[in-house]
Every structure is written in C-alpha cells, then in structure tokens.
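Colleague: The structure that follows is given in the form of structure tokens.
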Amino acid sequence: MPPELGVRGRTQRLVEAAECVGLVRALRPLHDRWRASLTVLAYHRIMPTNSLDAYPFDPELISTTPQQFEWQMQYIRRYLNPVSLKRVIAHLDGEAPLHGSAIAVTFDDGFSDTYRYAFPILKRYSIPATVFVTTGYVDSGEPFWFELAAYLVLRVEPGALKIAQSGRAFPSGPAMSERRQSLRQLQDILKSLPNTQRTAIISGWVRQFVTQIEHGAVDLNRPISWAQVGEMAAAGIDFGSHSVTHPNLAQLGDADLLWELTESKRVLEERLQCAISTLAYPIGTPSAFNKRVVAAAERAGFRLAVSYVSGSNPLEKLDRFELRRHGIGLETTKSYFRALTTLPAWVG
C-alpha cells in the first residue's frame, strides 16, 4: 500500500468516528460560517463488484457500485443542494449566488456504465450532473488507453511490457499484488510521456499481445455511444470536454494542445447542438495542467474547468479554471461520505 493511502485510511477512520457520534453535523454551522464551499464530486465508473478479484481492468477506476451510488444520490437530494456546473458559472458571473451546501456531481472519461447504471439513478433523484467525455473514444468500442495498459499488465508474463524510455519492464512479478503495484508505476510513466510516444508504445503492445485480449473482457470497458449521450442530454444531463484522446495536456505542443481542446468542444457542440462551456483536464493532477494549459482552455472558449486535485472550493474565491474535486472510490463509506459532504473544506 502506498504511504498516502495509509494516511488516508487513518484519517478516514478518525472522520468516521466523529461522524458516528454526531460531531460532524454539529460542526456544520461553524464550517459554513468560516469556510462555506462548493463541493464537486468526481466519479469514473459505476459498476457491480461481484467478482472484483477477477476484474480484468483497473479496479481503482470503479468509484461505487450502483447500490452505493443510489444511496449517495439519495443523501445528496435529501440533505444538500445539488447544482449543475452551469449554475456555478452563473454564480461566477454574478447572476445566481451559491450557498454552502452546494454540491456538483461529475463523471470523467465517458464509460458506457455511466449511462447504464448512473443515469437512471440521477433521473430518479433529479440530480444535475456533468459527464466529461473523451470524444475520440465515443462509439469506438475500444478500451481507453489507460485501461488497455491495465488489462495487459494484469495478464502478460512478468517483464513482457517494455518501455525503452525508462529502461523498465512490467509487470515486476506474477503475483496479483506485484501486478497491481506495477500497474500504478506503469501508469505514472505512461502519463508522463508525450502523446505520440505513449500511443506508439500501447499500439505496439496491442499488436504483440493481440491473442491475449479477450473480446468478452473488452465489453466490460466499452465507452459511451453518441446515442446514449443524446438520450442523457435530452433528459437534462450536461456534457463537457475531456479532450479527444485523453493525453497529458501539459506534455503537448501548443498546436496539439489547442486541437485537443477545440476539436473535442466542436464535436460535442455539433452532436448536441448546444454550447459546451466546461472542461475536465485529463489526468487532472498538478503535473497534467499548468498556466499554459489554462490559457489554452480560455482561448478554446471554455468558461470553467475542473481538475482532479482533491479539495473543496471556497465560495468567496472560486477559481474558474482550477476547481478542485473530491474523488469518490469504493473505500468511501457512508459515514465518510456524510462527513465529506457536510464539512468539505475540513475533510478529504
């Protein structure tokens, strides 16, 4: 277990204990008086986890089961003020003030399970949400590059995946624990490479190990379709850009950077016949966007962007192009979720 996960686990246990004795809710008035915040939740995949040990892709991308997600949306509807990112833009424009209980629900990448499992629940509880889609994958039927890398590192022989740029080979050993650790290390390297290098490496692996990629497994990783996007949009779900190919935007040259942003925006606007004003930076960590990327997002016509940096957003000084989000994962218990959304500036 990486050290940061251990720290998070200890913090979560303390927060859960405080929530169980009622301390968290009692502190809400004090929190809102001094640190009134907008909370933005980030989800990736909503999936059942009946056979997680045999799951052939990255289990850390599974944010919740459908049952967990339904409880979370029910809680948000009952106790908080769910708002769309359009409403956040209106607040920033001085048109409609937000309150301390404001919370926005977002999804990254554009997996088909967002449509299959999350969409019916969002409709049931009338929760506004924004889905950030990687437009190059919509309707492709092909796994996202980071999930394809995960699939291979969990299946191939130790040392079979070679990266010449780093002088390393993965996975480090045959045990599942070794493979999971190798996956984290491999993805860190791939995310840091220029887009063309990363694409070439993964394409080479696909050709080399094509016989080990099972068709049925790929069905578990299918991206969303344009028909599904259209149905969700017609029902009031908002869509935003997550680029075309899901690169590390900070690693791109100026021309490629602007293309990733403007082309994804153009395609979404053409498909949905409405203005697309929001962006989620792919990867979203501090190494994946910078002042140059933010400036390019503004030039492309976006009016708000979210990162994957954990934290809440003080209402008195919202950063329009660097909104923080709380990532939700399978380890997010009910007690922790209640605490996280009740005291967002102090928890997480």
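Colleague: Check off (1) within 23 Å of the chain's Cα centre (by Cα); (2) without any contact (Cβ under 8 Å) to a residue 60 or more places away in the chain; (3) buried (at least 17 other Cβ atoms within 10 Å of the Cβ) for Leu220 and give me the number that stays unchecked.
Modeller: So the condition that Leu220 fails would be (2).
Colleague: Tell me, yes or no, whether the range 133-141 has at least one residue that is closer than 30 Å to Ala275 by Cα and charged (D, E, K, R).
Modeller: yes
Colleague: In addition: Is at least one residue of the range 63-70 at negative phi and either modelled with pLDDT under 95 or among the β-branched types (Val, Ile, Thr) (or both)?
Modeller: Within the range 63-70 (the criterion being at negative phi and either modelled with pLDDT under 95 or among the β-branched types (Val, Ile, Thr) (or both)), the answer is yes, since at least one residue qualifies.
Colleague: If you don't mind, there's one more thing I want to ask. Can you find, within the range 191-201, the residue that is modelled with the highest pLDDT among those that are surrounded by fewer than 18 Cβ atoms within 10 Å (Cβ to Cβ) and over 19 Å from Trp259 (Cα atoms)?
Modeller: Looking at residues that are surrounded by fewer than 18 Cβ atoms within 10 Å (Cβ to Cβ) and over 19 Å from Trp259 (Cα atoms), I get Ala200.
Colleague: Which residue out of Ala90, Ala149 is closer than 28 Å to Val267 by Cβ, surrounded by 23 or more Cβ atoms within 10 Å (Cβ to Cβ) and among the small types (Gly, Ala, Ser)?
Modeller: The match here is Ala149.
Colleague: For the condition surrounded by 15 or more Cβ atoms within 10 Å (Cβ to Cβ), free of Cβ contacts under 8 Å to residues at least 12 places away in the same chain and within 28 Å of Ile46 (Cα to Cα), what is the one hit in Arg266, Arg325?
Modeller: Exactly one of Arg266, Arg325 is surrounded by 15 or more Cβ atoms within 10 Å (Cβ to Cβ), free of Cβ contacts under 8 Å to residues at least 12 places away in the same chain and within 28 Å of Ile46 (Cα to Cα), namely Arg266.
Colleague: Ok, one more. Would you confirm whether or not the range 191-200 contains a residue that is more than 18 Å from Gly141 (Cβ to Cβ), over 22 Å from the mean Cα position of the chain (by Cα) and assigned to a loop (DSSP other than H, G, I, E, B)?
Modeller: Looking through the range 191-200, none of the residues is more than 18 Å from Gly141 (Cβ to Cβ), over 22 Å from the mean Cα position of the chain (by Cα) and assigned to a loop (DSSP other than H, G, I, E, B).
Colleague: Is it true that Pro158 is without any contact (Cβ under 8 Å) to a residue 12 or more places away in the chain and not in a strand (DSSP E or B)?
Modeller: No; evaluated as a whole, the condition is false for this residue.
Colleague: Next up: If the requirement is being at pLDDT 90 or above and assigned by TED's automatic domain parsing to the domain that holds Leu261, which of these qualifies: Gly240, Gly204?
Modeller: Every option except Gly240 fails the conditions.
Colleague: While we're here: Looking only at the range 120-135, which residues are under 18 Å from Glu269 (Cβ atoms) and in contact with a helix residue (DSSP H, G or I) (Cβ under 8 Å, 6 or more places away or on another chain)?
Modeller: Once the filter is applied, which keeps residues that are under 18 Å from Glu269 (Cβ atoms) and in contact with a helix residue (DSSP H, G or I) (Cβ under 8 Å, 6 or more places away or on another chain), the range 120-135 yields Thr130, Val131, Val133, Thr134, Thr135.
One line per residue, one yes/no per condition, for (1) more than 27 Å from Ser126 (Cβ to Cβ); (2) surrounded by fewer than 19 Cβ atoms within 10 Å (Cβ to Cβ):
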residue	(1), (2)
Ile237	no, no
Thr262	yes, yes
Ala288	yes, no
Arg292	yes, yes
Asn313	no, no
Asp319	yes, yes
Gly329	no, yes
Thr332	no, no
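Colleague: Looking at the range 246-257, is at least one residue at negative phi, in contact with a strand residue (DSSP E or B) (Cβ under 9 Å, 6 or more places away or on another chain) and assigned by TED's automatic domain parsing to the domain that holds Tyr115?
Modeller: Taking every residue of the range 246-257 in turn, none turns out to be at negative phi, in contact with a strand residue (DSSP E or B) (Cβ under 9 Å, 6 or more places away or on another chain) and assigned by TED's automatic domain parsing to the domain that holds Tyr115.
The values are calculated or read from the model by the stated rules, or taken from the named source; none is laboratory data. On a predicted model such as this, the values are computed, not experimentally measured, just so you know. As a convention, Cβ positions derive from the backbone with ideal geometry for all residues, glycine included, and neighbour counts pool all protein chains shown.
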